[in-house]
Structure formats: structure tokens, C-alpha cells
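Below: one structure, written as C-alpha cells.
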Amino acid sequence: MYVYRMIKNNSSDGAIGSCQQHGALGEPVLLLQALWDALRSQQEVLSSPYTTTLLAFLVHLVFCAPYLALDVLGHISPGIHLYSISRSAQPLRVCLRRWLDCFLRVAMRYLTTILPGTVLYQRMRNPSFPYLAPSCHQLFVEVTACLLLFDAIFFMLHYAMHRVPWLYRTVHRPHHRNQVTFALAAQDGSVAELLSLQMLAVGSTWAIGCHPMSEAVFHLINTWLAVEDHCGYDLPWALHRLLPCFGGAPFHQAHHHVYRGNFAPYFTHWDLLCGTYLYAREEPARKHEGRTMRRRRRKKSLGSDCVCE
């Protein structure tokens, strides 16, 4: 608190006090402070909604790029398909066309949905750039708390969208146009769904009371996890293989195949607790059940037990 009051009284003396304080705490915290100081020096640029929207879009594309490379290389080296969850190889032309169509849809959503939403949010909120970076402990706790909160609320919303017919038809159906998932499809959804996810991510950081640096790290991890969940590959170094509490791409691919389980975006505990966890051995039988439901819906409107594609 003494360092914080010193910063509030005098910015230059506060910066020196901050360096002394962090220097005493160790090299990792000093590194965080140096990184935060570099970000603070660009606060006018980073405060622009146009910059943040562009950065979010570019980060999403960068995270997707390795999986696009795997899709292309899979047509050159068939061994790569051993790690593909679907195992249903498509011609390269069809694969690239799928990526291009999805890219155009996502780019249009960013232009017509994410950007206006970000402009409105920035007008309602004045971004703050405190002098001190968060400690390593604070950064870890805040990011973890945001992921857990986001995961819990997403589970409830996702479950509701699959159980309430009009919610599914008007909000969630566009996301399930890709029965076989691929990385770029992580943000391929309706306007209402993308806005709700944007508000949920922002609301999670607000509810936890994150430092701006923790908020930025959470958004980066959130984007990466969404891309990895939709990538369509079960790679040896994937996060769910290192940390079993994460579901990963096989977990979410089963949801896109069957539509009846695995509603949480990242962690598995909510599906385990609520009885909606879909084990791999259950997928073929429940996939057939899902096909039966889809045939029934083609003949008549959706029923009350909506677990749709």
C-alpha cells in the first residue's frame, strides 16, 4: 500500500519505487513490470476499439495458422492424419474452400458485430493503466478464476441453447454447421452468440476485478483454448494430455458429432457433475441417436427435447 500511495502522489518517484519493489521480489516479477511498462507506453493505441478488435482478429488467425498448415501437410504426408480426430480426409481443394468460407464469415462478424460491440464497451468504460504490474501470484489467480467463471456460465448457457428449441434455432445453429470441427470454426457463429460470448468474457474479468494485464492474458488463453478445442487434432502435446482437467479437441468434437453432451468449453468437471459427460466409447451409439433426431426434425419442427446439430 505504501508503494501504491507513493505512485499516486508522484508518478516519476512512483516508477522508481515500483522498480525497487519489484526488483526485491525477483526476476519474474521484474519481467512482468518491464512488459507492462512497454504496454503502458502504447496506452493511447491500445485504448482504441479499432486496435483491440484488429488485434483480437489477428491473434485468432495466428493461433489457427498451425492447424491450417497441418490440414495442408496432411495431403502431402498421410501420417499427419493419424492425429486427426475425424479421420475423414477431404480433397485439398474442398479443405481450403472450407477454410476460406469460414474466414469470410468470421471476418464479416468481426466487422459487423465485434467492432461495434467493442466501440460501445470502450465508451462505457474508461480503460485504466495502473503503474504497477500484477505479481505472478495475482496474475495466476485472476486468470484461473476468470477461466473457471467463464467455463461455468458458458456451460449453463450452452446447455440451455441445446435444450430450448428457439434458442438453438436463433442463436446456436450456425455454429454447428461444421460437424467436423477445424480451428477457424471456433468463432464461426451467429451474431447473437458472438456478442454473448464477448460479453461473457468481458463480464468475467469485471466480476473478478482483474488487473488489465491479467485481463489481456485471460483473453489470449481464452482464444487459444477455443481454437485448440475446435482444431480437430488430438496431438501428443495438447493441453488435455498434459492436464486431464481439460477436455480438449476430442471432448468438443464429440459434442459436434452427437449434440447431447460435453457442454462445457474447456474443463470437464461440470459435465461430470451434471451427467452430461460423453465418453469416447459412448459416441458411436449416441451419434446414431443424434442422426435419428435430425431425421425427425426434417419431418417436423423441433420438439421440446432439443439436442440439435
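The values are calculated or read from the model by the stated rules, or taken from the named source; none is laboratory data. From a predicted model like this one, the values you see are computed outputs, not experimental measurements. Cβ sites come from the backbone with ideal geometry, for glycine too, and all protein chains shown count toward neighbours.
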Looking at (1) under 18 Å from the mean Cα position of the chain (by Cα); (2) surrounded by 15 or more Cβ atoms within 10 Å (Cβ to Cβ); (3) farther than 16 Å from ALA264 by Cα, which is the one condition that is false for TYR159?
(3)
Consider GLN90 against the criteria (1) surrounded by 13 or more Cβ atoms within 10 Å (Cβ to Cβ); (2) within 30 Å of LEU200 (Cβ to Cβ): it satisfies all of them except one. Which criterion is unmet?
(2)
Which members of segment 103-120 meet the condition of being of a type in the set (A, V, I, L, M, F, W, C) and either within 28 Å of SER84 (Cβ to Cβ) or free of Cβ contacts under 8 Å to residues at least 60 places away in the same chain (or both)?
PHE103, LEU104, VAL106, ALA107, MET108, LEU111, LEU120
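Going by the conditions given, is CYS64 out of contact with any strand residue (DSSP E or B) (no Cβ under 9 Å at 6 or more places or on another chain) and over 18 Å from ASP229 (Cα atoms)? Break it down into steps so the answer makes sense when it comes.
Working: out of contact with any strand residue (DSSP E or B) (no Cβ under 9 Å at 6 or more places or on another chain): yes; over 18 Å from ASP229 (Cα atoms): no.
Here the answer is no, as CYS64 does not meet what is asked.
Restricting the search to segment 173-198, which residues are in contact (Cβ under 8 Å) with a residue 60 or more places away in the chain and over 11 Å from HIS256 (Cβ atoms)? Break it down into steps so the answer makes sense when it comes.
Initially, segment 173-198 is screened for residues in contact (Cβ under 8 Å) with a residue 60 or more places away in the chain, giving 173, 176, 178-189, 191, 194-195, 198.
Result: ARG173, ALA183, LEU184, ALA186, GLN187, ASP188, GLY189, VAL191, LEU194, LEU195, GLN198.
So which residues in segment 67-87 are among the polar types (S, T, N, Q) and crowded, with 17+ Cβ neighbours inside 10 Å, if there are any at all? Don't jump to the end; show me each part of the working.
Filtering segment 67-87 down to residues among the polar types (S, T, N, Q) leaves 77, 84, 86.
Answer for segment 67-87, where residues must be among the polar types (S, T, N, Q) and crowded, with 17+ Cβ neighbours inside 10 Å: just SER84.
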Segment 177-190, residues that are surrounded by fewer than 21 Cβ atoms within 10 Å (Cβ to Cβ) and within 16 Å of the chain's Cα centre (by Cα)
SER190
Would you mention how many residues in segment 247-260 are under 20 Å from ILE221 (Cα atoms) and buried (at least 22 other Cβ atoms within 10 Å of the Cβ)?
6
The one condition ALA145 fails out of (1) surrounded by 15 or more Cβ atoms within 10 Å (Cβ to Cβ); (2) aliphatic (A, V, I, L, M); (3) over 21 Å from the mean Cα position of the chain (by Cα) is (3)
If I go through segment 63-102 residue by residue, how many of them are touching a helix residue (DSSP H, G or I) at 6+ places or on another chain (Cβ under 6 Å) and free of Cβ contacts under 8 Å to residues at least 12 places away in the same chain?
2
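Just to verify a result, which residue in segment 41-57, among those that are among the hydroxyl-bearing types (Ser, Thr, Tyr) and at pLDDT 85 or above, is farthest from THR223 (Cα to Cα)? Write out each step before concluding.
Of all residues in segment 41-57, those among the hydroxyl-bearing types (Ser, Thr, Tyr) come to 41, 47-48, 50-53.
Subsequent filtering for residues that are at pLDDT 85 or above retains 41, 48, 50-53.
Values: SER41: 25, SER48: 20, TYR50: 18, THR51: 17, THR52: 14, THR53: 13 Å.
The extreme case among them is SER41.
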Within segment 195-218, how many residues are crowded, with 22+ Cβ neighbours inside 10 Å and within 27 Å of PRO250 (Cα to Cα)?
2
Condition first: loosely packed, with under 15 Cβ neighbours inside 10 Å, under 25 Å from ALA192 (Cα atoms), in contact with a Leu (Cβ under 9 Å, 6 or more places away or on another chain) and of a type in the set (Phe, Trp, Tyr). Can you find one or more residues in segment 49-66 that meet it?
yes
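Restricting the search to segment 256-277, which residues are at pLDDT 90 or above, closer than 20 Å to CYS231 by Cβ and more than 15 Å from the chain's Cα centre (by Cα)?
Quick first cut of segment 256-277, residues at pLDDT 90 or above only: 262-277.
Okay, now just the ones that are also closer than 20 Å to CYS231 by Cβ, so 262-268, 271.
Matches in segment 256-277: ASN262, THR268, ASP271.
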Any residue that is under 21 Å from the mean Cα position of the chain (by Cα), under 27 Å from ASN178 (Cβ atoms), modelled with pLDDT under 90 and not in a helix (DSSP H, G or I) - is there at least one of those in segment 63-85?
yes
